[in-house]
Amino acid sequence: MASGNGDLLHTRQPSLSGLLRLARNTPELRRKAEEYQAKEISRAEYDYADTMMRSKLSNMSFYISSLGEIVILAIIVGILFGINVNASTANNNWGLSVLIAFGTGVWVLLAIPWFLKEKRRAGQSVPPGMNIITVGFWQLSRAIQQIWHLKQSLIYLIGYFLLGDSLNTTVTVIATLQNSIVAYDTLTLTYLLIVGIAAQAVGIYSFWWAQQRYRLSTKTMFNIVAFCIIILDAWGMIGIWTQRFGFHNVWEVWVYQTFYGLFVCPWYSYSQIMISEVTPRGREFLFFSLFSIIGKTSSFIGPLVSSAIIDATPSGNNSTPFYFLTALSAVSFCICVFGVDLEKSKREQEAFLEKEESLKAALSASDTASEEAVNPRRGSDTKV
């Protein structure tokens, strides 16, 4: 809990394939699809409506979740006062245990209705000769092979991995510094989280409002968040040379939670929407599996590197990894901003899908010809 609100957001990231299906099956987007088929609107207008619906669903799901978290955290504050966590170290430690138990109970309680009332939505069928375990590796292999034909998707995959790695590690490093500052005070950590989640709700809603109000693209919103991650790392890097600021003071911890919520938390929404922008239609399951694995991999590589940097530093300064993180964020930013072109990606996706359809048609024709060669009378049989 003390690590910041990023981990909470990770636990409830919407499925990419689910996000796309929900967006494209809303009444509004169905009407847009009908208007496009009737040639009443252009493809660009339909694509814009599609993007905005995906953005709306993703951002609003995070926004509503944030409001729910604030309520739960307010209840936790009452519990901590009831335990009197400030009375002694033992009470403080007991408060942490109770907090974890309560959070787990709430999670289970809220999850049960989903499992009981969720309607079955059939996914892709498992190919013959495979099972639910082996098919995952097969899908990953296919995704890796196919993404080489989609240059823009590959570029974003690289940028997504590097920037995700940087952000995950940044949150971990700052959490370490934060805990040393507030000395694992359970009540203070909860207050910090309330501020962070409240700022997160405001930030996510504000980003969505600005996007629809000024008709900003998903990539523009993503770029803003990516730049704010660089600011976060640069501020931490200053702390390598001075103790006056750079995540060394209590006031900085409060400012961090506010800044992180307002300007960085939208990453968990817009990075997912960006994945949907570079994913060919009908290949959502395939590409989401690849991006998901890459995203999870970035969760432990950065912290390992940062730990090695701290261990290699004679002074053991916990801020030293910010050298690495600032550079990594800057490189990732440049890759995503200057390397990813969503319009070019759409053209690549269309060409890719056309090529796939051509290959399927050729394969189908070949199979038909083979069947006729084996059974030449099949096509000449007539009803009597």
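A few points about this structure:
- Tally, over the stretch 68-90, of residues that are loosely packed, with under 13 Cβ neighbours inside 10 Å and either touching a residue at least 12 places away in the same chain (Cβ under 8 Å) or not polar (S, T, N, Q) (or both): 8
- Top-ranked residue in the stretch 257-297 [being over 23 Å from Trp208 (Cβ atoms) and aromatic (Phe, Trp, Tyr); ranked as surrounded by the most Cβ atoms within 10 Å (Cβ to Cβ)]: Phe287
- Residues that are surrounded by fewer than 15 Cβ atoms within 10 Å (Cβ to Cβ), of a type in the set (Phe, Trp, Tyr) and outside any helix (DSSP H, G or I), drawn from the stretch 226-254: Trp241, Phe245
- When Ala143, Ala175, Ala111 are checked against the criterion of being within 25 Å of the chain's Cα centre (by Cα), over 19 Å from Phe287 (Cβ atoms) and either assigned to a loop (DSSP other than H, G, I, E, B) or in contact (Cβ under 8 Å) with a residue 24 or more places away in the chain (or both), Ala175 stands alone in meeting it.
- Filtered residues of the stretch 266-280 (kept if touching a Phe, Trp or Tyr at 6+ places or on another chain (Cβ under 7 Å), over 17 Å from Gly203 (Cα atoms) and not aliphatic (A, V, I, L, M)): Thr279, Pro280
- Failed item in (1) assigned to a loop (DSSP other than H, G, I, E, B); (2) farther than 22 Å from Ser332 by Cα, with His149 passing the rest: (2)
- Unmet requirement for Phe247, which otherwise passes all of (1) within 30 Å of Ile83 (Cβ to Cβ); (2) under 16 Å from the mean Cα position of the chain (by Cα): (2)
- The residues of the stretch 209-225 that are over 10 Å from Tyr270 (Cβ atoms), part of a helix (DSSP H, G or I) and among the aromatic types (Phe, Trp, Tyr) amount to a single one, Trp209.
- Some residue of the stretch 119-134 being under 30 Å from Thr190 (Cα atoms) and part of a helix (DSSP H, G or I): no
A short reminder: the numbers here are calculations on the coordinates, not readings from a lab. Because the structure is a prediction, the values reported are computed rather than measured. So basically every Cβ, Gly included, is an ideal-geometry build from the backbone, and we count neighbours across all protein chains shown.
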